[in-house]
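Remarks on the structure that follows.
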Amino acid sequence: MNKNRDLYKRFVTFVSGILLLAMLTGIFAFVWYKNYSGEIVLPYYRRGNWVLIAIYCLLVWLFFRAYGGFKLGYLKKTDMLYAQMISMICVNTVSYFLISLIGRHFMAVMPVVIMTCVDMGVIALWTLLAGKLYFMIYPPRKLVIIYGSHQAAALVLKMSQRVDKYMICESISISEPEEKVKELIMKYEGVIVCDIPAEQRNDYLKFCFEHSKRAYIAPKISDIIIRGADDIRLFDTPLMLCRNYGLDFEQQLIKRAFDVVFSLIALIPAAPFMLISALAVKLYDGGPVFYKQKRLTLGGKEFDVYKFRSMIVDAEKDGKPRLASEEDDRITPVGKILRKFRVDEFPQLLNILKGDMSVVGPRPERPELTKEYEKEMPEFGFRLKVKAGLTGYAQVTGAYDTTPYDKLKMDLMYIENYSIRLDLQIILMTLKTMLFPPKNNAETEELLLAPKNSEKKENNKQ
């Protein structure tokens, strides 16, 4: 029955997404025919108009997919609304320049502005009504958590922030008898498995699979490495190959070319913001504009990272490195604004051009902090399989209170699932993070990483 319910859920999500896509495309078609179709030098006859409308529909679909605008019931309403609004601003901006290109001069911009406002209203109404209908049909899942240590408490706290999606009814320690644990699993729709020994975890996962019970698993480092493995076959024996060397030569070459082109293009629109930021930092206290600090990149190599100074001068005069918190008293008022919108990171475009960093990758950490982390997490150095990045999976899904261990796991998820498509997706998510910075982990949403072997798995993560 749960299986059929999930099938119907995906169907409801699909139909509601198609309805929204049709409405937004219809609005564009109306605006195109009314304001632009007859104004171009050589007006289209039927098919040309249809092709342009189809291109607009495709753009909406691509941007919504990248930002998560179709994830009804998965994201919070506010997150989905933000994602859809940013998507429409991007799509309508691109569409205006496309229309102007077709018209061979800058066409009237007001119809596109009005269209964008109407789109926002339709999106807000759709999010409200579709969300209410979805949660009326599909109430939160009743779950039980099997835990092996106190670390499960943090996971329960995060999941409890989504009372519309998860209802954790009971918890049970792995030290309890196996029969009691299995009996409790059968009472609920799903189980959360957190920090229990591998052998017991495997037994309970097989039990859940046998009885079609949904399982939410807090992955270990080894799980993430296995997820990036290739399926191979030795005669009639299936094997999983973990290459464990980061990116191959072709991927490195493509990624480097992308980094150079992107950073050169990005410096053009970023230049005015960088100039204003430099003036603001200098005028506030007269101190240096830029801040240079040793960081680690590919293979543990040290380099000097460039940032706009967001803290007071001599913020670490005692010589002891410490992480900045959201309410750190060393951060200046100007620095708070720069950090909020990630503008303090813009000078790192120069690091990318130099080859020290990549556009997307793990956050560049300080050597001193890395040594401290490795005392508790010997695997922390695994993230140095690729170059450090200006933005990254951990940056767009994490927050100030994200633990280093969780950031490590997210960085490894990126490395094991690397693709240019994923880089582009993270770059688009970065724009959303800059405009709507998350305050804590409960306000962030997961950027789905499609497994290499099956696109179908992406839909089953919800």
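Quick look at the numbers
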{"quantity": "Relative counts (whole %) of C-alpha pair distances in segment 255-315, using bins that are 10 Å wide", "calculated": "18, 36, 35, 10"}
{"quantity": "11 Å beta-carbon shell around F303, net charge (K/R +1, D/E -1)", "calculated": "+3"}
{"quantity": "DSSP-loop chymotrypsin sites (Phe, Trp or Tyr not before Pro) across segment 374-411, with at most 16 other Cβ within 10 angstrom", "calculated": "Y400"}
{"quantity": "Vicinal HN-Hα couplings computed from phi for segment 161-168 (Karplus, 6.51 cos²θ - 1.76 cosθ + 1.60; Hz; Gly/Pro x)", "calculated": "6, 10, 5, 6, 10, 10, 10, 7"}
{"quantity": "Cα→Cβ-extended label distance, 7 Å offset, between L424 and M274, nm", "calculated": "2.5"}
{"quantity": "Of every Cα-Cα pair in segment 1-100, the percent that sits beyond 19 Å", "calculated": "49"}
{"quantity": "Of the chymotrypsin sites (Phe, Trp or Tyr not before Pro) in segment 33-66, those whose Cβ has at most 11 other Cβ within 10 Å and which sit in DSSP loop", "calculated": "Y45"}
{"quantity": "FRET efficiency estimate (nearest 0.05) - Cβ-Cβ, K142 to Q200, R0 30 angstrom", "calculated": "0.85"}
{"quantity": "Potential extension, E302-R46 segment - 0.36 nm per residue separation minus Cα distance", "calculated": "86.2 nm"}
{"quantity": "Given charges at Cβ of Lys, Arg, Asp, Glu: the chain dipole, positive-most of V51, I331, G392", "calculated": "V51"}
{"quantity": "Share of carbon and sulfur in the accessible heavy-atom surface of the chain [1.4 Å probe, %]", "calculated": "64"}
{"quantity": "Stokes-Einstein translational diffusion, segment 231-275 - Kirkwood Rh over all Cα pairs, 0.890 mPa s, 25 °C, in µm²/s", "calculated": "174"}
{"quantity": "Where the chain is the region considered: accessible area per residue in Å², 1.4 Å probe", "calculated": "54"}
{"quantity": "Dimensions in Å of the chain - Rg and Dmax from alpha carbons", "calculated": "24.6, 78"}
{"quantity": "Rounded to the nearest 20 debye, dipole of the chain from Cβ charges on Lys, Arg, Asp, Glu", "calculated": "1080"}
{"quantity": "Gyration tensor verdict on segment 112-254 (Cα atoms; rounded if a/c is under 1.5, prolate if a/b is larger than b/c, oblate otherwise)", "calculated": "oblate"}
{"quantity": "Pairs of lysine residues in segment 1-153 - Cα separation under 22 Å, sequence separation of 8 or more or cross-chain", "calculated": "14"}
{"quantity": "Cα gyration tensor, segment 137-185 - rounded (a/c under 1.5), prolate or oblate", "calculated": "oblate"}
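The values are calculated or read from the model by the stated rules, or taken from the named source; none is laboratory data. Everything quoted here is computed from the prediction, not taken from an experiment. Note that we place each Cβ from the backbone using ideal geometry, even for glycine, and neighbour counts take in every protein chain shown. Each accessible area value is taken on the protein alone, full model and side chains, heavy atoms only, with ligands, DNA and RNA left out. Shrake-Rupley method; radii C 1.70, N 1.55, O 1.52, S 1.80 Å.
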